[in-house]
Amino acid sequence: PLPIAVLVSGSGSNLQSIIDRIEDGALDAEIKLVVSNKSDAYGLERARKHGIATKVLLHTDYDSREAFDTAMVQAINEAGVDKDGAVVMAGFMRIVTSVFLGAFVNRVINIHPALLPSFTGVCGQGDAADYGVKISGATVHFVDEQMDHGPIIIQAAVPCQPGEGGDALGSRILKLEHRIFPQSLQWLADGRLEIDGRFVRLKPADTPVADQP
Ligand code: GAR
């Protein structure tokens, strides 16, 4: 199994979808550690319920982003995840620096609740709803040094209803997130994702799969 660390700041429903796919055998990964920068993140509770190790690192305890990232790298390495594993940002509301990315080159993935490059930031769902777009969705991408910017692995779209607001739209987007995030991780675990500049190519599977995009 692919050793992974999952970073959360909140509810952790994406973490739950990853746990569920691992437990039902659809995802060949093992969560070695769940890290949160919020001590009351419900994602920590979800991890504990499944016997997964957790760690709280408060960014307010560190002088700089780099110092915080160094502590995260150390905790993740100690849990058994290195550059051959993967780090999954599942609702982690912090920007990571090159200190972090350098320890896991091309192995950090993030999910964002909008169709990037539109509506980056902390409220992709609400910003899209308020803008009046007719289609929004979710994006899974490799993380680079710019926020919500790295090469895109997969996107999924939903139609938007006029005036429905960010909460209603967000809950429909979340359902998509729970499908495409574990799927992306399985592609990574299978070594099928090839990065070429901005492009991510999905290499053919060794064995036939029913889940080609
Ligand atoms: C998800 O919608 C995720 O896409 C979003 O936070 C939510 C976390 O939900 N992430 C971002 O907005 C990152 N900029 P969860 O804690 O239930 O997985």
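The values are calculated or read from the model by the stated rules, or taken from the named source; none is laboratory data. In this text, all values refer to a predicted model and were calculated from it rather than measured experimentally. Cβ: placed from backbone, ideal geometry, glycine included. Neighbour counts: every protein chain shown. For accessibility, only protein heavy atoms count, side chains too; no ligands or nucleic acids. Shrake-Rupley method; radii C 1.70, N 1.55, O 1.52, S 1.80 Å.
Structure notes:
- Among the residues of the range 132-163, those that are surrounded by 12 or more Cβ atoms within 10 Å (Cβ to Cβ) and outside any strand (DSSP E or B) comprise VAL133, VAL143, ASP144, GLU145, MET147, ASP148, HIS149, GLY150, PRO151, CYS160, GLN161.
- Near pairs, Cβ below 6 angstrom, 6+ apart or cross-chain, from the range 26-44 (within 21 Å of PHE100 (Cα to Cα) and among the charged types (D, E, K, R)) to any residue that is open to solvent by 20 Å² or more (accessible area, probe 1.4 Å) and part of a strand (DSSP E or B): GLU30/PRO3; LYS32/PRO3
- Residue among LEU2, LEU27, LEU57 that is touching a strand residue (DSSP E or B) at 6+ places or on another chain (Cβ under 9 Å) and within 16 Å of the ligand (Cβ to nearest atom): LEU27
- On inspection, GLY126 fails the criterion of being closer than 21 Å to LEU202 by Cβ, in contact with a helix residue (DSSP H, G or I) (Cβ under 7 Å, 6 or more places away or on another chain), open to solvent by less than 40 Å² (accessible area, probe 1.4 Å) and in contact (Cβ under 8 Å) with a residue 24 or more places away in the chain.
- Taking first residues from the range 103-123 that are within 18 Å of LEU176 (Cβ to Cβ) and outside any loop (DSSP other than H, G, I, E, B) and partners that are at pLDDT 95 or above and among the polar types (S, T, N, Q), the Cβ contacts under 9 Å between residues at least 6 apart in sequence or on separate chains come to ILE109/SER184; ASN110/THR139; ILE111/ASN14; ILE111/THR139; ILE111/SER184; HIS112/THR120; HIS112/THR139.
- Here PHE92 fulfils each of the conditions (1) open to solvent by less than 50 Å² (accessible area, probe 1.4 Å); (2) away from the ligand (no atom under 15 Å from the Cβ) apart from (2).
- The residue of the range 40-57 that is nearest to LEU15 (Cα to Cα), among those that are open to solvent by 60 Å² or more (accessible area, probe 1.4 Å) and in a loop (DSSP other than H, G, I, E, B), is HIS50.
Every residue, every condition in (1) more than 18 Å from PHE119 (Cβ to Cβ); (2) within 13 Å of the chain's Cα centre (by Cα); (3) within 13 Å of the ligand (Cβ to nearest atom); (4) of a type in the set (S, T, N, Q), yes or no:
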| site | (1), (2), (3), (4) |
| --- | --- |
| ALA138 | no, yes, yes, no |
| VAL158 | no, no, yes, no |
| GLY166 | no, no, yes, no |
| LEU169 | no, no, yes, no |
| ARG172 | no, no, yes, no |
| HIS178 | yes, yes, yes, no |
| GLN183 | yes, yes, no, yes |
